[in-house]
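Here the structure is laid out as C-alpha cells; the discussion comes afterwards.
Where a number appears in this text, it was derived from the coordinates with a stated rule and is not lab data. Computed from a predicted structure; not experimentally measured. Heads up, the Cβs are rebuilt from the backbone with ideal geometry, glycines too, and the neighbour counts pull from every protein chain shown.
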Amino acid sequence: MEQHWWQEVVVYQVYPRSFYDSDGDGIGDLKGIIAKLDYLAKLGIGAIWLSPVYASPNDDNGYDISDYQRIMSEFGTMAEMDLLIQEAKKRQIEIVMDLVVNHTSDEHAWFVEAKENPDSLYRDYYVWSDPAKDGGVPNGLTSNFSGSAWTLDEASGQYYLHLFSKKQPDLNWQNPQLRNEIYTMMNYWIDKGIGGFRMDVIDLIGKIPEAEITNNGPKLHEYLQEMNQATFGDKDLLTVGETWGATPEIAKLYSDPKRHELSMVFQFEHVMLDQEAGKSKWDWTPLKINELKHALARWQTELGEEGWNSLFWENHDLPRVISRWGNDREYREESAKLFAIILHMMKGTPYIYQGEEIGMTNSPVTDISQVKDIESINLYYERLAQGYDKETIIAAINRKGRDNARTPMQWSADVNGGFTSGTPWLKVNPNYQTINVEQALTDENSIFYTYQKLIALRKDHPLMIWGDFELLETTDKIFAYLRRYQGETWLVVGNFSDDKQTLDLGQYAVRKTIIHNYPEIITSLARELRPWEAFVTVVEANDDRK
Ligand code: GLC
C-alpha cells in the first residue's frame, strides 16, 4: 500500500466553541486556538480536525451552516482563519475542516431562496414533498433529533426533509448543480492550504427519501468518486467520512485506494455496543469487554490492504470514555492511560478529542434547564410526552448526552478552568480545580505525558503504523494483541476492570518494556494484572529462543 502522511500522524479534534476563549465572550474562538497551538505541538499531533467554524445560527452548534465561505462571527474572521492555517503549518500541523454537506441551515441563502421562491432553481437543492393523501407528513422518516423528518412549509403547502433539526434542511444530492456548488466551495478551502476534510454524516448523501432510504443509498459512492475527481483527488489530503452505517465491507468501498473516494471512515460499531439491540443510544445496556475487543479486532484484520482505520474513543457527540467504560473516580488516571495505550497501539490513524489527553470526565446535570444540546433537549420532551419520568430521562442524558464532551476545556485551576474571563456558554465541569492542563504539565506521570509518549513512539516505530495485528485469546476482561513488523513483535495488554486479573501469556518472553501505566518494568507475562493496568512490551515467543 502506498504510504501517506495521514497514516503516520495523530489527529486532535478541536471543538472551537469550548476550546479557548480569547476575548471574554464566553465562547471559544480562532484566536484562542492559535494561542494554544504550542500546547498541541508539545503533545505532538500532526493534524487538527476543526469542528465547524462557518457562519451559523447555532441551532446545532455550527453543524447548521448558513454560509460555507464565511466564519462564524463569535469565532472570528477569515483573516484569523488564514492565520490559523499558516501558524499551524509552521508547527507541522495540518487543519482538517469539517465538511457539513448533507444539509445546510435554513438560514442559508439557498434555502431562503428555495422557500421564498418555489420556482427558483434553488428549490431543487433541497428535498420537498407533497403531503400524504391524508394531508399529513409524506412518510415515516424520522429526524435524528426526535420527531418526523418532515416539516411543512405553509406557503407552498409542501414539506421539506430534515434528518436533523428543522433548522437543518437536507440537501438534494441528486441535483448536479448543487453538487458542483459544493465542489467549488471545497476547492475554495483546498486553495487555502487545508489538510483535508472530515465529512459529516456523509453516508446520508445518497438518500432516496421517497423510499425511506437514508444511509448507504445507491448513488453514494458515485457521488464520492465524482467529488474526489472534482476536488481533492490529485492532492494528498486526509479525508475521513462519518459513517454510522459502515461495516468493514462498506468501509472498504470508501477507503480502498483503488476506488478513489476517501482516506478512511469513522466506524461506530464499538460505540454502539452499550445500547439495547434495536433501540437507540439512550437505551443503555452495560458494555461487554469481550464484545468490544472482538469488534475492534474484526476491524483491525478485515480491512487489510483495501482500507485504512480511524481509531477513536471520543468526539463531540460521545460521552467521555473514562466515564463511560473506564473508572473516572479511583482509577481515573490508570483507566485514561489504558484507553490511550490500547487505542494508539492499534492499526489506523488515532484521533484524540480535546480534553481526552488530560482525562476530562462527563459532567452530569440535575435538570433539563442545564442542558444546551438540541438532541438531548428534544429527546427530553419527546420522552416526557411518551410517559417516561424525568429522572430516567436525565439519567440517560447524563450517560450519553453530547454536552458531556462539550464542557469547556480545562486549562488551569483559575476561575472557569481558565477557559474564559467571562461567563462560559456551557458550565465548566466543577472538577477543573484538579483536572486541568496546567496540573497535567507539571506532573511527569500525568495522562498528558502518556499521550505525548505514544505519539513520540509512533514517530520512531513504523511497527505502530504498519504492523500486522493479531488478537490473543485471554480471559474476558483482558484485551491483548500483538503487532508484528519486520521481524519485531510487540505485545499490548490492558485489564479493562476494577479488579485484578490473571494474565496467562507465559509463552512469550519479554525483551523490553515500551510503555506501562504502573511504575515498574515488566519481566514476566504470566502475572497478576492490577486494576486498569496496561502495557506494551517487545516480546519473543519462548520457542524462538531454542
Ligand atoms: C454529525 C455531527 C453532529 C451533528 C450531526 C448533524 O453527526 O457530528 O454533531 O449534530 O452530524 O450535522
Tell me, what is the percent relative contact order of the stretch 142-257, built from C-alpha pairs under 8 Å that lie six or more residues apart?
20 percent
Please compare each pair in K192/K427; K166/K400; K90/K512; K258/K459; K252/K400 to a cut-off of 32 Å on the Cα-Cα distance and tell me which ones are over it.
K192/K427; K90/K512
Short to long, in 10 Å steps from zero, the percent of alpha-carbon pairs of the stretch 477-533 per bin is 22, 58, 18, 1
Using a 10 Å cut-off on Cβ atoms, rank the peptides 53-62, 362-371 from the highest mean neighbour count down.
53-62, 362-371
Cβ-derived FRET efficiency at R0 30 Å, N445 paired with I368, nearest 0.05:
0.15
For the stretch 1-67, what does the relative contact order come out to in percent, with C-alpha contacts under 8 Å and a separation of six or more?
30 percent
Between G241 and residues 5 or more places away or on another chain, the pairs with built amide H atoms under 5 Å apart involve M199, M264, V265, F266
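Let me have the relative contact order for the chain, percent, based on Cα pairs under 8 Å that are six or more residues apart. Display every interim value, and only then the final one.
Details: 1128 pairs, mean separation 69.7, N = 546.
Computed over the chain, the figure is 13 percent.
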Helical contribution to [θ] at 222 nm, DSSP H n ≥ 4, -39,500 (n - 2.57), averaged over the chain, rounded to 500:
-8000 deg cm²/dmol
Footprinting exposure proxy for K288, K31 (fewest neighbouring C-beta atoms within 10 Å first):
K288, K31
Here the FRET efficiency for A526 versus D283, based on Cβ atoms and R0 = 41 Å and rounded to 0.05, is 0.50
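Would you mind classifying the stretch 276-353 by shape? Square roots of the alpha carbon gyration tensor eigenvalues, ordered a ≥ b ≥ c; an a/c under 1.5 is rounded, otherwise it is prolate if a/b is larger than b/c and oblate if not.
Working: a/c = 1.80, a/b = 1.23, b/c = 1.46.
Cα axes put the stretch 276-353 in the oblate bin.
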Taking a ≥ b ≥ c as the square roots of the eigenvalues of the Cα gyration tensor, with a/c under 1.5 meaning rounded and otherwise prolate when a/b exceeds b/c and oblate if not, the stretch 301-454 is oblate
Check: C-alpha center the stretch 290-342 vs C-alpha center the stretch 161-191, spacing in Å is 32 Å
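Expressed in nm to one decimal, what extension gain is obtained for the pair H294 and T423 from 0.36 nm per residue of sequence separation less their Cα-Cα distance?
This chain segment gains 42.0 nm when fully extended.
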Ordered by packing density, taken as the mean number of other Cβ atoms within 10 Å over each peptide's residues, highest first, how do 195-205, 459-469 rank?
195-205, 459-469
Other-chain or far-sequence residues with amide H under 5 Å of D67's (modelled H)
A55
Using just the Cα positions, wrap the stretch 236-279 in a convex hull and report its mean projected area in square nanometres, one decimal place.
3.4 nm²
Please check which bits of the stretch 479-519 a label hung off E330 would reach, taking the label as a point 7 Å along Cα-to-C-beta and the cut-off as backbone N under 14 Å.
497-500
Fully extended, how many nm does the chain gain between A541 and T142 (0.36 nm per residue separation, minus their Cα-Cα distance)?
138.3 nm
Quick one: which residues, 5 or more positions from Q275 or on another chain, have an amide H under 5 Å from its amide H? H modelled 1.01 Å from N in the peptide plane, none for Pro or chain starts.
T285
Using the Cα gyration tensor of the stretch 37-103, the equivalent ellipsoid's semi-axes, largest first and to the nearest Å, work out to 24, 13, 10
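Roughly how compact is the chain, stated as its Cα Rg over 2.2 N^0.38 Å to two decimals?
Compactness ratio reported: 0.97.
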By the C-alpha gyration tensor axes a ≥ b ≥ c (rounded if a/c is under 1.5, else prolate when a/b exceeds b/c, else oblate), the shape of the stretch 52-177 is prolate
